[in-house]
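The values are calculated or read from the model by the stated rules, or taken from the named source; none is laboratory data. Remember, it's a predicted structure, so these values are computed and weren't measured experimentally. For neighbour counting, all protein chains shown are included, and Cβ atoms are generated from backbone atoms with ideal geometry for every residue, glycine included. The protein model used for the area step is the full one, side chains on, heavy atoms only, and it has no ligands, DNA or RNA in it. Shrake-Rupley method; radii C 1.70, N 1.55, O 1.52, S 1.80 Å.
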Amino acid sequence: MDSPTMNLPSASLLLASLALSACSLVPSISFTKGKDASVVYALGSREGFSSPLNGSLRLACPAFEFKGSQIALSSAHESELVKLAEEWKKDSKARYLIAGYTPPDLPEDHARALSERRTLGLRQRLIELGVEGANIQTLGLGNDFSQTSPASHVALVYKQ
Amino acid sequence: MTCRVPFFLLASLAVALAPASLHAEPEVKGSWWQKIPLIGRLIDREGEVKKASMPRLRLAEFTGGTGASAKTGLQDELLASREFFVATGEETADFTLNGSSIGGRVNGRLLDKKGKQLFERSYAAPGLDENIKALADDVIYTITGKPGLATSRIVFVSDKSGRKQVYVCDSDGREVQQITHDRHAAVSPTISPDASMIAFTSYRSGFPDVRLMDIHSGWEREVSDTPGSSAGPAFSPDGSRLAMVMSFIGNPEIFVSDLNSNTAACISDSVGAPGSPSWHPDGKRIAFSNDDGGGSSIYIVEVPEKEGQATRLFRWSTGWGDSTDPEWSPDGKQLAFTARSSGQWIIGVKSYAGGGSKVIQRGGAMHPSWSPNGRYLCYTQHGELFIHEIATGGRRSILKNFGRITEPRWMR
């Protein structure tokens, strides 16, 4: 079977140094069906963000629950994200860390990827709703800490 | 401040669906694999006896104070390899192994049928067992061209200490050593082809980063220090590159990092959750899993040899749902994977690029990894580490009651 040829768009960008940790925004995909579905916002520096592994953190909003392999955002997610974005506009110095978790029965590597993907989807939507991208960091923990962390398909937003 | 560049969706560009035929799932006749060699024959899954053209190796005299022990140990190792008919008497053979052993040091000499010396080597590691294993692997490699397993290692994760950490053991589940002592957890280990380095995902900073450790010296360095997550490293066949997932661009993608130049290139173009990269032995292709929200599938992408080179991406159907953890066999002709069948995780193997597939183990088995000779798979099931012989379906638990064991990977 012939397969389509893909000229990887990132090919010219791809040999990027790993020092890209300080990069601003490079292209990728939007999860949402919004206006800018072809734009994704790169992550800013992790500096100053605290991991939930290093101490208890305050939740910024109720947990975002997902079902099975779901990665798309639901209307329930949307209403909570809108509230969070409105809150941020009142305090634009606020920073959020979104951490994703999965149940312990998933293959570990898949669990990490799935949880990270969900957190990036939530971050993407928050940016589209007006939150500054540099103020949101993500963390996919999968089921690596399921003995001490949530053991379900959930993403938590911690206020930093 | 904001840079916006159009992006292309993987799905609309490059996904070619491989024939998604469902294959019959043969019942595994899981007779408990005893470590008893099947001399001169192999029994297939249906119980038929196959005549195998295995070479005959005569284990001749080993002189010296520890010669008798060396000979006995060698006999065990060579029989366990199931690569030869091993004779200890005076009958004719295709190869003859003799030598000496004094104080645990071993000297071995391999001769062919005509008496021509194929090699003579000395082994001077501190322990007799270690020297015997090294000699056995050299004999196996010289005669079969395939690596032996006596000196091979399996890395895995266990939560025995209360936190997930990386451990290593031999192919019998012995000589277990804890490799990492990270503050939070260390997961998804992979071992370099020369067995000198381990790459793994560390939560030391509170965020997942990929680190590299020299097994012998304990020296470590960070491979990725990018925002978001970096996880799931896999060494290229030559050991010079690592494939891994990084999400600093705002999207999780498979990157290939050159360990010499410390640069990285993105090779996937995903709308989902890519993970579990595995290199083809030719170093030109990578299999990985990707979940776009409808369950995980396996994709194969060509690795560009230079910047800007067009590459192709295939979706590769296993015939089962939620397929993940792909790993190529050492000859590149098959892929092993984890998938879901009737609500349970299973281990499957399918020929690449086409051909049939079969279930290797049901009942919650995960994370298959091939032995260097391609004859066995190791995997975990309910926290226990198993080795499974593909040809016979026989398997045995090599490590249990060692916390919950996950993510084993056999040295390639």
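Numbers below:
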quantity	calculated
Inter-chain shielding of A:139-148 (mean C-beta neighbours from other protein chains, 10 Å cut-off)	6
C-alpha long axis of helix B:128-144 to longest principal axis of chain B, angle in °	80
Chain B, accessible surface, carbon-and-sulfur percent (1.4 angstrom probe)	49
Sequence of B:Tyr123, B:Tyr352, A:Tyr96 when ordered by accessible area, the most exposed leading, probe 1.4 angstrom	B:Tyr352, B:Tyr123, A:Tyr96
Residue-wise HN-Hα coupling along region B:230-240, computed from phi with Karplus coefficients 6.51, -1.76, 1.60 (Hz; x: Gly, Pro)	10, 7, x, x, 9, 6, 5, x, 8, x, 8
Cross-link reach list, aspartates and glutamates versus B:Lys146, counting only Cα pairs under 13 Å and skipping chain neighbours closer than eight places	B:Glu83, B:Asp137, B:Asp138, B:Asp331
Reachable aspartates and glutamates from B:Lys113, criterion Cα separation under 16 angstrom, eight or more residues apart if same chain	B:Glu90, B:Glu91, B:Asp94
Residue-normalised accessible area of chain B, given per residue in Å² at a 1.4 Å probe	39
A versus B: buried accessible surface, summed, Å² (probe 1.4 Å, to nearest 100)	6100
Accessible-area value, B:Met366, 1.4 Å probe, nucleic acids and ligands omitted, Å²	20
Estimated distance in nm for a label pair at B:Asn401 and A:Glu65, the labels positioned 7 Å out from Cα along Cα-to-Cβ	4.0
For region A:61-160, accessible area per residue (1.4 Å probe, heavy atoms of protein chains only), Å²	35
Full-stretch length increase - B:His216, B:Ile102 - with 0.36 nm per residue and alpha-carbon distance subtracted	38.4 nm
Cα→Cβ-extended label distance, 7 Å offset, between B:Tyr141 and A:Glu86, nm	6.8
Rounded accessible area of B:Ile102 (nearest 10 Å², 1.4 Å probe)	120
C-alpha long axis of helix B:67-81 to longest principal axis of chain B, angle in °	40
Heavy atoms of B:Lys400: accessible area, 1.4 Å probe, square angstrom to 10	120
Efficiency of FRET between B:Asp112 and A:Asp105 - r from beta-carbon atoms, R0 56 angstrom, step 0.05	0.60
Cα-based shape type of chain B, given that a ≥ b ≥ c are square roots of the gyration tensor eigenvalues and the cut on a/c is 1.5	prolate
Value at 222 nm in deg cm²/dmol, rounded to 500, when DSSP H runs of n ≥ 4 in chain B each add -39,500 (n - 2.57)	-2500 deg cm²/dmol
Restraint check, A:Lys67/B:Lys333; B:Lys160/B:Lys284; B:Lys133/B:Lys400, Cα-Cα greater than 28 Å	A:Lys67/B:Lys333; B:Lys160/B:Lys284
Burial of 20 Å² or greater, region A:63-97 residues [accessible area, probe 1.4 Å, versus chain by itself]	A:Ser69, A:Ile71
